[in-house]
Ligand code: SF4
Ligand code: SF4
């Protein structure tokens, strides 16, 4: 009983456990698993990452003006959906050129707005992908 | 894992003879869709404080069969029986539908034939 | 003339974190009958596992069954696949798996304890335990890269190695947590408001624990020696200092004490692992397609978790059966409620530590 009072009293002078956001910025872990980033020049278009991804957040879709890369025979373009990605980094482990073609950053994905058409544009890509298969 | 085949007529007797409540732990009832409108029902037990001793009684049945209930022998089986009814659309004595699925949802999702 | 009234608890209730509905049939204050509805968050994961995903990504799918014991789910599934493929993983990977499993147990038990306090009306204690739980969450993020969805286990080993700075941080934080937990022990045994609400309430006798196949801390608080860590050999729990924690009272207080003791035991295991981590690879490639049946059990924070996996030699599996701890305990829960006061129902429910998204999967 008395110890509770004593504790309550000392608690009055403790610093709070929460931080004063936005005055104090949130500390970002260096090793946080965040968004996947892609280096187009190093990619050899083996599509291993696309196959390995559990939710299907990486799609290579044929486009009219494909990126310049001599390995890119089928004229594919890399697409990544940060809202579908679960940050498991299976793709990076599957990639034959990790760190150059595909790597995991510690950035967090930003919230999307309606104007971004996150879902609709992704569904269109998926449809395109299905047609070419 | 030891697998023992039983039939629906004898399963209650077999489990009654086998199950000692201080020795065996009833894990769950499991269903498995097979080809040709058949399914397999499994009653899975494990032994207390033994290393990796599981016993599985199984029976191959048609979806139209009625599975006898073992709730009077093992009261905790009721919940897995109700799950089996929902997921496979078979009948288990004394277990009603509607643990997980509502009337207007997809029915018998795991039965592999009636979607 | 006797009259009974039906009072529901849930599906939305301030004392509940997750959607479950209990219908209590009450005679004055006493509960005489219970009916439960648990299917509010059914997502059809078992079906998705056999129709939508290949076997090598299901480890990530089943981790989404539940946020609190995600690691136990992906671990059980992965071990089942490793059994079917016949691969052996390195000793270091095994140790790292136990490390994360136990860290997960610590934070999950702390969450449960804080909620029992909240339901006893002790908000300050709730805040304290939740605040201290951050220490564990922090090291989980350091170790795996994420706070909740660890995605740490893959078929053949683990995804990240433990480096020395992280190991040091884990040791520091766990030491801190240990001091705090010893403080809670005192609070939970001696504090008046907690004792009044917890001692002698919601008791389950040993015999009933056997009859209703109780599992996890619920069963161990009644003196039933069931802990899957004692009954499996895929991970070397005995080498890292696992000790079963039991109690004989079977009431809410006993469950809390079992959980507290388990936290201490888990901390000890984590320390042993970090001090004696063997050298070696963390990942061994295992090739092949699963064929045959396997049953794998693990001790999740809430009790025994079982996976039944059947493969047919292709990338798609025939069946993934998930038996979650809360699901199997529902008959025992319903039994405990009978004869208790309605006013105690939220506190009793919180002491079960129910996880409904596991149950409905
Ligand atoms: S991190 Fe995982 S989910 Fe995200 S793109 Fe890579 S494989 Fe897919
Ligand atoms: S796995 Fe790597 S190299 Fe292959 S397509 Fe993907 S990013 Fe390119």
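What are the equivalent ellipsoid semi-axes of the stretch A:1-129, built from the alpha-carbon gyration tensor (square roots of five times its eigenvalues), in whole angstrom, biggest first?
They are 45, 17, 13 Å, listed from largest to smallest.
Give or take rounding to whole Å, what are the principal axis extents of the alpha carbon atoms in chain C, in descending order?
70, 45, 33
Does anyone have the angle between helix B:77-88 and the longest principal axis of chain B? Alpha-carbon axes, 0 to 90°, nearest 10?
Around 30 degrees separate the two axes.
Would you compute the Debye intensity of the stretch B:2-66 from its alpha-carbon atoms alone, equal scatterers and no solvent, and pass along log10 I(q)/I(0) at q = 0.25 Å⁻¹ to two decimals?
Taking Cα atoms of the stretch B:2-66 as identical point scatterers yields -1.10.
Once Rh is set to the Kirkwood radius over Cα pairs, what Stokes-Einstein translational diffusion coefficient, in µm²/s, holds for the stretch B:31-115 at a temperature of 4 °C and a viscosity of 1.567 mPa s? Don't skip to the end; give the middle numbers.
Numbers: Rh = 13.8 Å.
Answer, rounded: 94 µm²/s.
Taking only Cα atoms, what is the 0 to 90° angle, nearest 10, from helix C:164-190's long axis to the longest principal axis of chain C?
Compared with the principal axis, the helix lies near 20 degrees.
Please pull out the direction-averaged projected area of the protein assembly as shown, using the convex hull of its alpha-carbon atoms, in nm² to one decimal place. Mind dumping the intermediate values first?
Details: hull surface 126.4 nm².
Value for the protein assembly as shown: 31.6 nm².
Roughly how crowded by other chains is peptide B:70-82, in terms of the mean Cβ count from those chains within 10 Å of each of its Cβ atoms?
Values: counts 0, 1, 0, 0, 4, 8, 12, 3, 3, 9, 4, 0, 3.
Counting other chains' Cβ atoms within 10 Å and averaging over B:70-82 gives 4.
Which order do A:38, C:308, C:77 fall in if you start with the one that has the fewest other Cβ atoms within 10 Å? Walk me through the numbers before you get to the answer.
On the way: A:38 16, C:308 24, C:77 28.
Final ranking by Cβ density, sparse to dense: A:38, C:308, C:77.
Compare the peptides C:175-182, B:41-48 by average per-residue count of other Cβ atoms within 10 angstrom and give them in order, highest first. Spell out each step's value before the answer.
Details: C:175-182: 15.8, B:41-48: 20.6.
Sorting C:175-182, B:41-48 by mean packing, highest first, produces B:41-48, C:175-182.
What angle do you read, to the nearest 10 degrees and between 0 and 90, between the alpha-carbon axis of helix C:70-85 and the longest principal axis of chain C?
Between helix and principal axis, roughly 40 degrees.
What percent does the relative contact order of the stretch B:2-66 come to when contacts are Cα pairs within less than 8 Å and at least six residues apart?
Normalised by residue count, the contact order of the stretch B:2-66 is 37 percent.
Fewest Cβ neighbours within 10 Å first, please rank C:247, B:25 accordingly.
By the 10 Å Cβ count, ascending, the order reads C:247, B:25.
Where the eigenvalues come from the Cα gyration tensor of the stretch C:113-269, what are the semi-axes √(5λ) of the equivalent ellipsoid, largest first, in whole Å?
Numbers: eigenvalues 170, 98, 34 Å².
Taking √(5λ) for each eigenvalue gives 29, 22, 13 Å, largest first.
Say R0 is 60 Å: what FRET efficiency, to the nearest 0.05, do residue A:30 and residue B:96 get from their beta-carbon distance?
Numbers: r = 54 Å, r/R0 = 0.91.
Step by step, r from the Cβ atoms, then E = 0.65.
Hey, with R₀ at 35 Å, roughly what FRET efficiency would residue A:7 and residue C:161 work out to, going by the Cβ-Cβ distance, to 0.05?
Numbers: r = 41 Å, r/R0 = 1.16.
After rounding to 0.05, the efficiency reads 0.30.
Summarise the long-distance tail of P(r) for the stretch C:82-167 by giving the % of C-alpha pairs beyond 20 Å. Provide the component values of the computation, followed by the final result.
Numbers: 1649 of 3655 pairs.
The calculated P(r) of the stretch C:82-167 puts 45 percent of pairs beyond 20 Å.
Work the Kirkwood hydrodynamic radius out for the stretch C:2-67: mean of 1/r over every pair of different alpha-carbon atoms, inverted, in Å. Mind showing how you got there, number by number?
Details: mean 1/r = 0.0684 Å⁻¹.
In the stretch C:2-67 this quantity evaluates to 14.6 Å.
Every number here is computed from the coordinates shown, using simple stated rules; none is lab data. Predicted model only: the values in this text are computed from it and were never measured. Note that we place each Cβ from the backbone using ideal geometry, even for glycine, and neighbour counts take in every protein chain shown.
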